[in-house]
Structure formats: structure tokens, C-alpha cells
Amino acid sequence: MSTSPVDLAQLRAEAEALAPQLTSLRHDLHRIPEVGLHLPSTQARVLAELDGLGLEVTTGTRCSSVVAVLRGARPGPSVLLRGDMDALPVTERSGEPFTSTHDGVMHACGHDLHMAGLVGAARLLAARREEIAGSVVLMFQPGEEGFHGAEIMIAEGVLEAAGEPVVAAYGVHVASSMIPLGVVTGRPGPAMAAADQMYVTIQGRGGHGSMPHLAADPVTVAAEVVLALQTAVTRQFDAHDPVVVSVGRIAAGTVDNVIPATAELDATIRTFSPEQHAIIPERLTRVVEHIAAAHGMTADVRYVRGYPVTVNDPAEVARAARVSGAMFGDDRFVTAPRPISGAEDFSYVLQRVPGAFLFVGATPRGEDPDVAPYNHSAQARFDDDALPVSAAVLAALALDRLAQG
Ligand SMILES: [Zn+2]
């Protein structure tokens, strides 16, 4: 039986009854994908869908966000549910009948399912307004794919949209592979990586390849830097708290016998704890600058912070395991053994509010999760049966947390 004050069996049944409606909404959104912070068609579709649910709806000024506040019949705390809205610059080759009608743009990360799932949660919660003590803030967020949309919405007040700071925040992400259909996963603590970038220019002095002593060769310095970064990773960071540094681009020179004046390196840097994320820029910059200095040269280092580590609150992950298990069976919640190396801007919300970011398996029925095309692939397909699961999990988390007072 349910171990929650909420009637979870009933909630699941209602979510499943919404499936056809959520599926058709998801297909509509899938046909009109938009990239970035300004998603006018997507925003219009979401607003139309929320119309009539009795929500207090506002839209963003710096991006086409939608914030909808659902007030319960009685006073109480506020919680936040989030769904991101943006697509990717990918030419769709999924073969789906509801394929993108926007050239070169595709909902390849399943954010169309996130919007439909959050609309589903809104419907489930609106039907229970009389039982709710408190408020639910629905955060429809553009610009997750590298545009820092969550940070913009926080600056525009989403965390206080109900009139006071939210006490908990939840989000789900669908996966077109790796996780079996309908399985919910999460983990306490770090759930997703921080992803930074480093852009380096070694400043040497050009010359003739036959007389390197009259020049300052940045190519040899660049080669030394590439290997020194890997040495720094293994010598300066705790092996049990991994750091990944990959130099993905290196460029210098034009011809074999000319020493170029500069050499460039670009690297991606992944960390999995706020502690490593805090110290890594200074450490890597130091390695690069001092190797250049050792050879009488300088290095310009531009270190760019990406999204922070996504950190889940252990008690909120335990809540997610409990409500998911009660609705779908205990085998349907799996504690993820390690964080995911991708990054996610819901991390900005979870830096400020305890909560949980969960994954819902959307591997197409009948396909092997280990080999199905994964998120961001032009061939990625997401099973619509993940929609009622997402809607039910989000609504259950909000209701269970609000019942706690
Ligand atoms: Zn995504």
C-alpha cells in the first residue's frame, strides 16, 4: 500500500487517463522545435494548454519562459516543478510520423516530453486543488541547451513566484536510451557533471624552422601543455572524485618549415563535485601559464564556467524513490550508481533549493536500451509512455512534499 499521505494509486490512474492528451500535445510540440531563449511558437502552445486550469500565469521578459502558480485551497509552503522547452540545431532523422517541420531543428533531447509531462502534472494538481495546502510553481524554461535559461528565470523571480521562496524543487529528464522504458532513476548528491571550457593561446615568436633558437616555438609548448594537463588531473585531484579534461582542438602553423607565432588549445573540463569545480580553473590555468613561462613565453587563458554540478538532496531522492515505488512498483525506481557526465542548468535551482533531478526511461518499446540512439542524436526516439510516468512522478513529489507542511 501507499506509504504517502497522497492517494498515489489514484494519481497514477489519472495520469494514465491523460496519456492520449499528453501524447498529442507532445507530438504538436515536437513538430515546432525552437532553439535558445526565444521560443514564441512553443510558448504559445504551452500557454494555450494551461488556459482554463485556474493558474496565475506570467511570461518572462528576457526569455520566452512561462511561470504558472497553482494555489491550493489552504495556505502552506510552495514547491517548484520544472520542464525545459528548447530544442537543438539537429536535422531530424528519427523517422517519426510527427517529425520536425522546422529545418535543421529537432527536439532531440526530449524537452517536448518535459513540457507535456509538466502540463500533465499541472492537470493532476489542478484537479486536487481542494486537497492542497500550499502552492505549486510550474517553471517552463527555455534555453537549457547552453543558454543558462534557468539562471535568467531565477533572476526574474521564479523561485519566489508564489510570493515566498519555494521550499523544494523537482525536475525530470527523459532518456531515449540506457534506461528501460518507464524506469525512474536518481541518486543522492552529485547527479550530473559541471562542464567548463578553457581556451588557450600560447604566445611565441615566429621564425624559420631551421633556426628555432632565434624564434620562440609555441608548438612544443602546446604539446607539453596537453600532457601536463593530464598529469595535473591525476596528481592534483582526488582519484575518488573524478575530473575529466579533454583537449578537443589544437591548432598552430601553416607549413612544415615555419615556426608560427601562436598555438591554440581548446579543452572541455568535467567535474562531479562542487569542491573540484571550485578549485579547477586556478589549477589548470597555473599549469598552462607556468609551462609557457618555463620556455620564455606567455599563455592567454580564457576559462569559461559552464553549468555547475547538479546536486540532489538525499531526502528528496528518498522521497522520489518512495513515491515512484508506491505508484509503479519498487523495481521501477533505480538508484543510479554514478553521476551522468552531461551537464544541466537545473543545477542553478538546486544550488538554492533542496530538491531532486530524476531521469525517466523513454527507450522506445521493443528496443535495447544499450544500443538505442541516445539523447541529442538525430535518430533519437522517445516513447510516449514516459509521459504519464513523468506527470505522475512530478505531481506526486509536489503533493507529498506539501503534505509534509
Ligand atoms: Zn536535455
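Descriptive notes on the structure:
- Residue in the range 70-79 that is farthest from the ligand (Cβ to nearest atom), counting only those that are hydrophobic (A, V, I, L, M, F, W, C) and buried (at least 17 other Cβ atoms within 10 Å of the Cβ): 70
- Number of residues in the range 140-167 that are under 28 Å from residue 182 (Cα atoms) and either charged (D, E, K, R) or surrounded by fewer than 24 Cβ atoms within 10 Å (Cβ to Cβ) (or both) equals 4.
- When residues of the range 359-393 are limited to those that are hydrophobic (A, V, I, L, M, F, W, C) and within 13 Å of the ligand (Cβ to nearest atom), the one surrounded by the most Cβ atoms within 10 Å (Cβ to Cβ): 362
- Qualifying residue in the range 141-150 (condition: modelled with pLDDT of 95 or more, within 29 Å of residue 280 (Cα to Cα) and assigned to a helix (DSSP H, G or I)): yes
- Scope the range 98-119; condition without any contact (Cβ under 8 Å) to a residue 60 or more places away in the chain, on the phi < 0 side of the Ramachandran plot and away from the ligand (no atom under 12 Å from the Cβ); matching residues: 103
- Close pairs from the range 1-21: first closer than 19 Å to residue 318 by Cβ, partner at pLDDT below 95 and not aliphatic (A, V, I, L, M), Cβ under 8 Å, at least 6 apart: 8/2
- Flag for residue 377 being over 24 Å from residue 89 (Cα atoms) and of a type in the set (S, T, N, Q): no
- In the range 80-92, the qualifying residues are those that are surrounded by fewer than 24 Cβ atoms within 10 Å (Cβ to Cβ) and among the aliphatic types (A, V, I, L, M), and the one that is farthest from the ligand (Cβ to nearest atom) is 90.
- Residue satisfying condition, being within 16 Å of the ligand (Cβ to nearest atom) and surrounded by fewer than 20 Cβ atoms within 10 Å (Cβ to Cβ), within set 36, 95: 36
- Looking only at the range 331-355, and only at residues there that are more than 16 Å from the ligand (Cβ to nearest atom) and surrounded by 22 or more Cβ atoms within 10 Å (Cβ to Cβ), the one that is nearest to residue 81 (Cα to Cα): 355
- Here the range 115-139 is the region considered, the condition is being open to solvent by 10 Å² or more (accessible area, probe 1.4 Å) and part of a helix (DSSP H, G or I), and the residue that is nearest to residue 391 (Cα to Cα) is 123.
- Those helices (runs of 4 or more DSSP H) lying entirely in the range 1-114 with at least 2 residues under 16 Å from residue 394 (Cα atoms): 8-17, 19-31
- Checked against the criterion of being open to solvent by 40 Å² or more (accessible area, probe 1.4 Å) and either within 16 Å of the ligand (Cβ to nearest atom) or more than 21 Å from the chain's Cα centre (by Cα) (or both), the range 179-198 has no qualifying residue.
- Of the residues 364, 388, 373, the single one that is part of a loop (DSSP other than H, G, I, E, B), in contact (Cβ under 8 Å) with a residue 12 or more places away in the chain and under 17 Å from residue 332 (Cα atoms) is 364.
The values are calculated or read from the model by the stated rules, or taken from the named source; none is laboratory data. Quantities reported herein were computed from a predicted structural model and do not represent experimental measurements. Note that each Cβ is placed from the backbone with ideal geometry, even for glycine, and that neighbours are counted across all protein chains shown. Side chains included, ligands, DNA and RNA excluded: accessible areas come from the protein's heavy atoms. Shrake-Rupley method; radii C 1.70, N 1.55, O 1.52, S 1.80 Å.
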